[in-house]
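**Student:** Sending over a structure as C-alpha cells; questions will come in a sec.
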C-alpha cells in the first residue's frame, strides 16, 4: 500500500489563483467554517476538526480549499497540517479574505472546534 506522502500535495502558485475558484470554494458552509477556524489558529491538524461529517467528506472539503489556493497543507509525520494562505490571498485579492471572514462571523457560521 502506498503511503500518503507518495504523491505530493499540489498547491497553486499565487499568480494562478482564480477569483471564481476561490469564491466557489468559500460558498460551502463547511468550508467557510474551516477557513474561519484557520483564521484564528495558524496550523490545524486534519484530525482536530470537530465537524458532523465523515472523514472522507472532510478530506474532500480540504482538497477543494487547497486546490483553490485558500489553504496550504503539509505532512508532519502521520499528521496533515492545514494553514490559511492569508498573505498570498491578500496580495492577489486585497481585502477579499478580510471581507469573507467578517461576513462569515457576522452570519454566525460555526467554527469547528478541536476534536
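**Student:** Spin-label point model (7 Å from Cα, Cβ direction): what's the residue 87 to residue 99 distance in nm?
**Tutor:** 2.4 nm
**Student:** If you don't mind, another one. In nm, to one decimal, how far is the modelled label at residue 57 from the one at residue 73, with both set 7 Å along Cα→Cβ?
**Tutor:** Calculated label separation equals 1.7 nm.
**Student:** Ranked highest first by the average count of other Cβ atoms within 10 Å around their residues, in what order do 42-50, 13-21 fall?
**Tutor:** 42-50, 13-21
**Student:** Relative contact order of the chain, please, whole-number percent, based on alpha carbon pairs below 8 angstrom and at least 6 residues apart.
**Tutor:** 38 percent
**Student:** If each residue of separation counts as 0.36 nm, what is the full-extension length gain between residue 107 and residue 9 once their alpha-carbon separation is subtracted?
**Tutor:** Contour length minus the Cα-Cα distance gives 32.1 nm.
The numbers here are math on the coordinates, done by the rules we state, and not lab data. For clarity, every value in this text was computed on a predicted model and none was experimentally measured. Backbone-built Cβ (ideal geometry, glycine too); neighbour counts: all protein chains shown.
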